[in-house]
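This report concerns only the one structure given below.
Each reported figure results from applying straightforward, stated rules to the coordinates on display, with no laboratory input. Quick caveat, the model's predicted, so the values are computed rather than measured. Positions of Cβ are generated from backbone atoms using ideal geometry, with glycine treated the same way; all protein chains shown enter the neighbour counts.
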Amino acid sequence: MVSETSTQDTSMQSTTATTREETALQRCVNSELERYFEMLDGEVPHDLHRMVMRQVESALITYVLDECRGNQSKAAQWLGISRGTLRGKLADSKQQS
């Protein structure tokens, strides 16, 4: 028979282990998703994957371009994509604005 206390201890250890395995970026995303769902206040999210991916990609591209001082060739290399793909993503983000 397993006591309630040992079950809680195991649960807490499991949660702690999971937290340790998460990267800082994953923790940040999880935290923002928690805030987003709180703001929804029970409403059903729509197109969540697309929304998150667009926002993360936009932030990533903006940050890398800043680090590369606007050099698109260097930024594309850092991102592991072609310069043409980067330019396409930049054009798409301007159209969405």
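Relative to the current alpha-carbon distance between Gln72 and Tyr36, full extension at 0.36 nm per residue lengthens the span by 9.7 nm. Take 72-82, 22-32 and order them by the average number of nearby Cβ atoms within 10 Å per residue, most first; the result is 72-82, 22-32. Other residues within the sphere of radius under 14 Å centred on the Cβ of Ser93, judged by their own Cβ, net out at +3 (K and R +1, D and E -1).
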